[in-house]
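Notes to accompany the following structure.
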Amino acid sequence: MVDQAVVQDATAKPADKREGVERSDAEPVNKKERRSLYQKRIKIYPRLARGGFRRLKWGVMAVTLAIYYLTPWIRWDRGPNAPDQAVLIDFPGRRFYFFFIEIWPQEVYYLTGLLILAAIGLFLVTSLAGRVWCGYTCPQTVWTDLFIAVERFFQGDRASRIRMDKMPWTGNKVWRKAATHVTWVVIAAGTGGAWVFYFADAPTLAQQLVTFDAPAVAYVTIATLTFTTYLLGGLAREQVCTYMCPWPRIQGGLLDEESLVITYHEDRGEPRGARKKGTHPTELGDCIDCNQCVAVCPMGIDIRDGQQLECITCALCIDACNGVMDKVGLPRNLISYDTLANVERVRAGEKPRLRLIRPRTLIYTGIIALVTLIMLFTLVTRSDLDVNILRDRNPLFVTLSDGSIRNGYTVKIINKQHAERHFTLAVEGLPGASIDIVGNDVTAADLQVDPDDLESYRVFVSAPRDSLEDDSLDLRFLITDKADGTRVTYDSVFRGPK
Amino acid sequence: MAHDKEIDQVSGTETTGHEWDGIKELNTPLPRWWLWTFYATCLWALAYWVVMPAWPLVSSYTKGVIGYSSREQLANTMAEARAAQAVYLDRIEQASLEEIVNDRELLDFAQAGGGSAFAVNCSQCHGLGAAGSTGFPNLNDDNWIWGGTLEAIHQTILYGIRSDHDETRFNEMPAFGRDEILDREQVGDVAEYVLSLSGSETDPAAAQRGSEIFAEQCAACHGEDGTGNQDLGAPNLTDAIWLYGGDKADVVQTIANSRSGMMPAWTGRLDETTIKQLAVYVHSLGGGE
Ligand code: SF4
Ligand code: SF4
């Protein structure tokens, strides 16, 4: 788009290329200086980094965005009477469909389990390798990265963007700025648009959206998410991570000295300083003070100042510095993933090593394994027939005119199959019991439950007075599928007078 | 206010000047946009005071320029709910009791509506679960003094029992003791006989004596076999259910002084559809005939 070579040549002074490396005058936004109480935002112009981590981040971006945008369009055949969308949160129907799993409202504990897994998984990853979530997969990071790529496409890299912001409003500037913002809004609208497809049949909703037949809530949701995406990804960016997000604060507590974090090897780099091309004066460390690590940082900080709250561990500074080291002929990894403990070990003359297996990682792994096992077990043993029986508490029992005792129950049968089912109802443990079901022409010999539905029956169980020795007796309900013989039992009690 | 700012050496940040056990609090800079956001919320609050009801006055409050009222909103919501119910209420008004019970949708609606009307109007005497208590019949059982069909229940709710309505269900059992129709011993004998009808007499000889008096004085209403008569509101004396208690003392009391419980007529107090729903609800409690 923008001719970068031209732009860079125009801004980079010849003296800055002494070592054959472009020098940057980038300054960290959180410099130690007299700050005012209300700090004005310093705009960050991240330069494009090149290297392994940048490629990894492009890959992660492609995969996460693809998952987000495409998932609602995956079809999954569940037979008649059920939606064929693989992932669908059906609020009116009160179902959550996830491929072969179909979750009813009373089964939200699966969701709880998933959230526990997600949380502990995050703890584990963080204690192993720091803020991996922030650096690679957090939506704030992914979308900001995407928005910066758009910005770079229309306005060029760092130097070009800085220049453009300083220059007067020419036609060229207007169209480049406008194109950037329009593209952002389009992406933002697509982001909000994709969100609503998780809550309704995607092809139908897409059609409704273009013909303006979609429910108002869909448009409101899209508009809201368009606005927030544009605001957070396009404008607020690093401010979200530094000031709004609680996660950086929490993650600080999950790290220990054995966690891998982005580390500038001070012992090797200092004292930093510029040098003539090809020379390595012994009084200087390996850092040539080119500031490239600052220029590429999306958070606008200087990793050489040490661990900072602002650092999202995106590793772009590693890429930048490795590029510089290659050019000046010094070993790579002046900045690298390393642990605080290793820094100390090197300082003490010991060999650096990785301690991945530590009490905290073991505990996290244990919890993850346990929760996974429990979830798998409940999922595998999950039945497509559920019965819930509520005993009447008021009145506890009723004496009938012939002296027999009657108890009332509400029997709820949940049929999770996509076909109508018929059941029989019987009781066990009460001599002389008889069953009556409220409603015309409903008998215990045939209870019908519609496909994927819950049916509730009022059931009266009566028994002669003398079949009760005590004022209460254990009673077991047997509900049997007439077609395939599946049986569910439910234990309740039968009560009578003292 | 010229006090010297103290700068923390490590972070380069100003401190607040507060110190606890050597720990100093940093005055970390707030982003300026945050400050502006704060001002914006203040402005929002000011605008809110003008637009919405906000300040209490002595006997009223500032109404706000758009005239919003949460009371009105509630009224609207209620009206909407009522409009939604109207569809069913209209059908219930048109339908006979029999038709309501045979229509699953109407039955569900009537049971829910009748249940809430019962809780408000009837539970004071009959109890929340309609299990009644001494003198107030249990509506869950299969024993009905004035009949347990849908029609009979409907009639009872409409006009009441010994109420002030012209159509009320009415009967009067003589106070055999108080009015000196029977003497004390005879009352005891009849009580023994009545208890014997459900197999719980204590004195067979007295019961034998009582049977003759029963045939003379009581059989007209309660029937020769004591099974009662729903047309007259005469309770069945042979079953296990006693409205005023089944001990001998209770039965003696009933015979000597009579009992005449009273239930109000609900026509005029509740509308026709509510009474229909109540009848359906009571009928569905488990004893409906
Ligand atoms: S310091 Fe490095 S790892 Fe941290 S946010 Fe900046 S570029 Fe990313
Ligand atoms: S750490 Fe690397 S990228 Fe940063 S100033 Fe030093 S040499 Fe340049």
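Where a number appears in this text, it was derived from the coordinates with a stated rule and is not lab data. Small disclaimer: the values here were computed from a predicted structure and weren't measured. Here Cβ is always computed from backbone atoms with ideal geometry, including for glycine, and neighbour counts include all displayed protein chains.
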### Calculated SAXS-style log₁₀ I(q)/I(0) at q = 0.19 Å⁻¹ - region B:184-257, Debye, Cα scatterers
-0.68
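Just from its helices, what would the mean residue ellipticity at 222 nm be for chain B, if runs of 4 or more DSSP H residues each count -39500 (n - 2.57) and the sum is divided by every residue, rounded to the nearest 500 deg cm²/dmol?
One gets -15000 deg cm²/dmol as the mean residue ellipticity at 222 nm.
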### Task
Calculate the length of the line joining the C-alpha centroid of region A:377-443 to that of region A:116-162, in whole Å.
55 Å
### region A:261-359: relative contact order in percent, alpha carbon pairs under 8 Å with at least 6 residues between
31 percent
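For the protein assembly as shown, divide the Cα radius of gyration by the Kirkwood radius and give the resulting Rg/Rh value with two decimals.
Working: Rg = 41.2 Å, Rh = 35.1 Å.
Here the Rg-to-Rh quotient is 1.17.
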### Task
May I ask you to work out the translational diffusion coefficient for region A:170-310 at 37 °C, viscosity 0.692 mPa s, via Stokes-Einstein with Rh from the Kirkwood sum over Cα pairs, reported in whole µm²/s?
166 µm²/s
### Task
Pull up the cross-link candidates among the lysines for residue A:498, meaning alpha carbon to alpha carbon under 28 Å and not fewer than 8 places away within one chain.
B:248
### Message
What do you get for the angle between helix A:316-328 and the principal long axis of chain A? Use alpha-carbon atoms, 0 to 90 degrees, nearest ten.
### Response
30 degrees
### Task
Round to the nearest 10 and give me the degree value, 0 to 90, for the angle of helix A:52-70's Cα axis relative to the longest principal axis of chain A.
30 degrees
## Note on the structure
Along the dipole axis of chain B (charges at Cβ: +1 for Lys and Arg, -1 for Asp and Glu; origin at the Cα centre), the most positive-end residue among B:10, B:47, B:281 is B:10
### Query
How much of the DSSP beta bridge set in the protein assembly as shown is antiparallel, as a percent to the nearest 5?
95 percent
### Summary
For residue A:482, the lysines lying under 19 Å Cα to Cα, once residues fewer than eight places off in the same chain are dropped, come out as A:412, A:416
### Message
If the rule is a partner Cβ under 4.7 Å, which cysteines in chain A fail it?
### Response
A:134, A:138, A:241, A:245, A:287, A:290, A:297, A:311, A:314, A:321
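What does the convex hull of the alpha-carbon atoms of region A:4-251 project to on average, in nm²? Mind showing how you got there, number by number?
On the way: hull surface 76.8 nm².
In nm², the orientation-averaged hull projection of region A:4-251 is 19.2.
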### Summary
Taking Cα atoms, the helix A:216-229 axis meets the longest principal axis of chain A at an angle in degrees (rounded to 10) of 30 degrees
### Task
Helix by helix through chain B, keep the DSSP H runs that span 24 Å or more along the axis on Cα and average at least 0.0 on Kyte-Doolittle, and give those back in order.
B:32-51, B:104-121
#### Entry: ³J(HN,Hα) computed for each position of region A:371-382 - Karplus, 6.51 cos²θ - 1.76 cosθ + 1.60, integer Hz, glycine/proline x
4, 4, 4, 4, 5, 4, 4, 5, 5, 6, 8, 5
### Summary
From the cross-link list A:40/B:5; A:43/A:173; A:177/A:327; A:57/A:276, the entries with a Cα-Cα span beyond 27 Å are A:177/A:327; A:57/A:276
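What is the Cα convex hull volume of chain B when expressed per residue in Å³?
Values: hull volume 101.2 nm³, N = 289.
For chain B, the hull spanned by Cα atoms encloses 350 Å³ per residue.
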#### Entry: For region A:427-437, 3J(HN,Hα) per residue [Karplus equation, 6.51 cos²θ - 1.76 cosθ + 1.60, θ = phi - 60°, Hz, x = Gly/Pro]
10, 10, x, 10, x, x, 6, 10, 10, 10, 10
